[in-house]
Amino acid sequence: MHLDKDDPPADLVIATAEIPHDLAQERVEADELPRNWREAVAPAQLARVGNDFVRRGEHCLLVVPSVVAPEENNCLVNPEHPDFKRIVMCGVAPVSYDPRMFVKQRTHRRERRS
């Protein structure tokens with residue numbers, strides 16, 4: 001997700017779910033993605049990865065690297081897969097922007113006095 005500080009979506013939510021460990025999943029590693037996959041304007045190839053995943057219908061989950069936290073993953077869910085109904089939604093909560101996310105950090109330098 002890419003945030004636009006001047007146009008935050010009013011319906012942004014975070015959802016939590018219980019996902020059974022044995023759900024069929026496919027994993028995409030960062031080195032399988034285009035070199036520019038982390039850029040703010042995502043390359044079209046990324047959409048094709050997700051579209052192909054859903055079209056094949058072999059897995060319920062697609063585990064992909066996180067742009068925001070490189071050591072973490074995001075899990076995309078195929079709602080057309082038969083195992084989708086095994087995922088239990090636990091809750092949904094609204095998300096609001098924290099304006100500090102968009103403030104450039106100033107470098108504080110101490111001036112040395114001679």
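Each of Ala44 and Val92 was given a label point 7 Å from its Cα along the Cα-to-Cβ line. The distance between the two points is 3.2 nm. So what's the net charge close to Asn51: Lys and Arg +1, Asp and Glu -1, counting the other residues with Cβ under 15 Å from its Cβ? Around Asn51, the surrounding residues sum to -1.
The numbers here are math on the coordinates, done by the rules we state, and not lab data. Note that this is a predicted model, so its numbers are computed, not measured. A quick note on method: Cβ atoms are made from the backbone with ideal geometry, for glycine too, and the neighbour counts reach across all protein chains shown.
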